[in-house]
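Below is one structure, written out as structure tokens; comments come after it.
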Amino acid sequence: MLQSSLGFHTITLTLSLLYDEANQLTTDFCTYREKTGDIEMYIYDEKNNPIIYHLSSYLPPKINIMFKDRERYGDGDRGIKWCIRKSEWCNDFIDYIIEATINPKILAGINDYLTAATYNDIDLAATNFNEISHEISPLLHSFTDYRITRIDYCVNISLDKFIPECDPMQIMNLIKRSNIPPHYEEWMKYDKDAHRMKSRPESFYLKSKSVNINCYSKYLQLLNKSKERVEKKRSPIDQESLDASRNIYRFEVQCKYHKIFSMSQKAKEAGNRSINKYKSLLDPIICTTIVSDYYDKVIGKGDWYTLSTAKQIIKSKCFNSQKEQHLINALKDVSRCRSLVKAKESCPIEKIGTFTRSLNQLETLNINPVTIPREWHIEYIPNFLRSYLDQLSKSNFDHSDQNMKANYYAAVQHENYNDYEIFRSPI
């Protein structure tokens, strides 16, 4: 059975509220809190510190609501949290919105940190969403009444069969040397010890106005999350989950409001008249297409090699000496700069055209311009996504599993991606 999985892991839903509705909904949440003790509600003070919210005549601009860490919910996560907040587009009718962020896998009752949610999880997740919502307030309505405003598409790739016993930090070091497309910037925060802006060592996180891209080690992420839970006096993530995540990496495409709005409009034009368009937006082929498009743009289509091995491959192609040298020089530049982005930045303007063409040619040779450091003593690392999709296409799967069939179809029938062009757009 494949340990890797492709789909999505978080969905954000929104519903417009009148001021009186927002006020009543806040009251309903407070009543539910007093009755059950299951949820906590908080707002932020001027220093951005969370403080417990108590009902008053004043409706604050933002209230966060989530389930408490209670024994009856396992680790406390029921896969849903809410935010009542003032709308950015206020008018005479719409003042507030209720925003529900759900993890469909957890909401469906599957306590699994390592497997992406799929289309098959949505029905049960929606049923549980409706059950929880109706228990709290009729103003929360039903799943199908909400608009989807964000989807985090993802692929979780287990490297056990590709690179056994790999060091998570080594692989992240390699990934963080990848491409940063135009209009993106790497997320960083100020490091007090280093006295400069730094990115997180466990992830390669790129941000833009419409789409964020994050590639990270699930093991390092869960390890940090477990430490944070302990600091908050909550139960740590169990060791079994940590051990199982050691060789799993997630590539995540966080499609925000503008991207989802564009996709929803095109789905509407294609005939989907539902409010939230989830049948189009969460289609397995769409998930595969979105993940593949952005993976190719950031990580690349080629395999990783050491510089010496990549040079041997180039020389074996019997190119003319000038072309051969251009390709080798591009590899050397990236290796010297220890980053594809830094190599681009340091390239003289009169040579940028040659450098770009060399990168494109390396792609046709299935060579990633980022090379493996010699001291790692690893000669070759395959392209993670392509290896997973190849493995998926060759595996013997249950033909009754519609999601697996759809992902298989998307993986091996690349020419049919054009049928789904309505959901594709440039970065």
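The values are calculated or read from the model by the stated rules, or taken from the named source; none is laboratory data. None of the values given here were measured: they were computed from a predicted structure. Don't worry about glycine lacking a Cβ; one is built from the backbone with ideal geometry, like all the others, and counts go over all protein chains shown. Calculation scope for accessible area: heavy atoms of the full protein, side chains included, ligands and nucleic acids excluded. Shrake-Rupley method; radii C 1.70, N 1.55, O 1.52, S 1.80 Å.
Numbers for the structure displayed
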| quantity | calculated |
| --- | --- |
| Candidates per GluC sites (Glu not before Pro) in segment 20-67, loop by DSSP, up to 16 other Cβ within 10 Å | 46 |
| Solvent exposure ordering (accessible area, 1.4 Å, most first) of 295, 380, 190 | 190, 380, 295 |
| Of all accessible heavy-atom area on the chain, the percent that carbon and sulfur account for (1.4 Å) | 49 percent |
| Computed accessible area, residue 376, all protein chains, 1.4 angstrom probe, square angstrom | 40 Å² |
| Residue-normalised accessible area of the chain, given per residue in Å² at a 1.4 Å probe | 51 Å² |
| Overall Cα dimensions of segment 299-366, principal axis frame, Å, largest first | 30, 24, 19 |
| Radius of gyration and maximum dimension Dmax of segment 271-331, Cα, Å | 20.2, 59 |
| Debye equation applied to the C-alpha atoms of segment 123-218, log10 I(q)/I(0) at 0.19 Å⁻¹ | -0.96 |
| Diffusion coefficient, µm² s⁻¹, Stokes-Einstein with Kirkwood Rh over alpha-carbon pairs of segment 267-388 at 10 °C and 1.306 mPa s | 97 µm²/s |
| Descending principal axes extents, segment 1-160, alpha-carbon based, whole Å | 56, 36, 34 |
| DSSP-loop trypsin sites (Lys or Arg not before Pro) across segment 281-344, with at most 15 other Cβ within 10 angstrom | 317, 338 |
| Per-q log10 I(q)/I(0), segment 3-43, q = 0.32 Å⁻¹ (Debye; single scatterer per alpha-carbon; no solvent) | -1.05 |
| Two-decimal Rg/Rh across segment 217-337, once Rg and the Kirkwood Rh are taken from alpha-carbon atoms | 1.16 |
| Orientation-averaged projected area, Cα convex hull of the chain (nm²) | 24.4 nm² |
| Lysine pairs with alpha-carbon atoms under 17 Å apart, segment 243-334, spacing 8 or more or separate chains | 15 |
